[in-house]
Amino acid sequence: MSIKSDKWIKNMSLKHEMISPFVEGQVSSKVISYGASSYGYDLRVSDEYKIFTNINNSIVDPKNFDDNSFVTFKGDVCIVPANSFALARSVEYFKIPRNVLTLCVGKSTYARCGIIVNVTPFEPEWEGHVTLEISNTTPLPAKIYSNEGLCQVLFFESDENCKMSYRDRSGKYQKQTGITLPSVKRK
């Protein structure tokens, strides 16, 4: 397996729509950077958020998620309360090839402010908007800037296709759009 360069990412995005919309090169003037970098792609967070709240005294349960656990917000800047959490989605839509696995890591600009981004790997043949998990680990409210960079995706290509892809097993988050809440597959 090898990590892929900006040339490979550009080629896959333009020819196979791996990332759409695709931004060639880094956009960094007066914004938190986004677009293709040397060995990855800095994705943007959209202007749609679900901010967790305890106003309704809900319990967060991944097997039975309660919509009263959050408030929905849309705007240019999202304020994540102190020691709290928000969900968002990427601007970009991804179509991961069968022989590629990605890892997504938070950007250091946010990490240095105590804002941690957790995204699970994008598995081979997964596609959709990425649901982003944003944790504010500080005792202060924190700003998230919509339509700017939030995390970096690294692409690893294998010299052979995987035996069972996300599409093959009908993964529950396949082709997700918008912010997708947690769920458990029911047989």
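So here's what we get for this one:
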| item | result |
| --- | --- |
| Percent of Cα-Cα distances greater than 20 Å, calculated over segment 97-187 | 46 |
| Convex hull (Cα only) mean projected area of segment 3-110, reported in nm² to one decimal | 8.8 |
| Calculated FRET efficiency for the pair S5/C113, C-beta based, R₀ 30 Å, to 0.05 | 0.55 |
| Per-residue [θ]222 nm for the chain (sum of -39500 (n - 2.57) over DSSP H runs n ≥ 4, rounded to 500) | -2000 deg cm²/dmol |
| Largest-first principal axis extents of the Cα set of the chain (Å) | 50, 49, 23 |
| Cα-derived Rg to Rh of segment 70-150, Kirkwood definition | 1.00 |
| Dipole of the chain, positive direction: furthest Cα of T109, N99, W8, with charges on the beta-carbon | N99 |
| Long-range HN-HN contacts of G40 with modeled amide H, under 5 Å | D6 |
| On Cα atoms only, tilt of 6-16 relative to the major axis of the chain in degrees | 90 |
| Over segment 1-44, volume per residue of the alpha carbon convex hull, in Å³ | 70 |
| Positive-pole candidate from S29, S146, I19, dipole of the chain, charges at beta carbon | I19 |
| Distance (nanometres) between label positions extended 7 Å along Cα→Cβ at V31 and T72 | 2.5 |
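Bear in mind these aren't lab numbers, they're just calculated from the coordinates by the rules spelled out. Only a predicted model underlies this, so the values are computations on that prediction, with no experimental measurement involved. Note: ideal-geometry Cβ built from the backbone for every residue, glycine included; neighbour counts use all protein chains shown.
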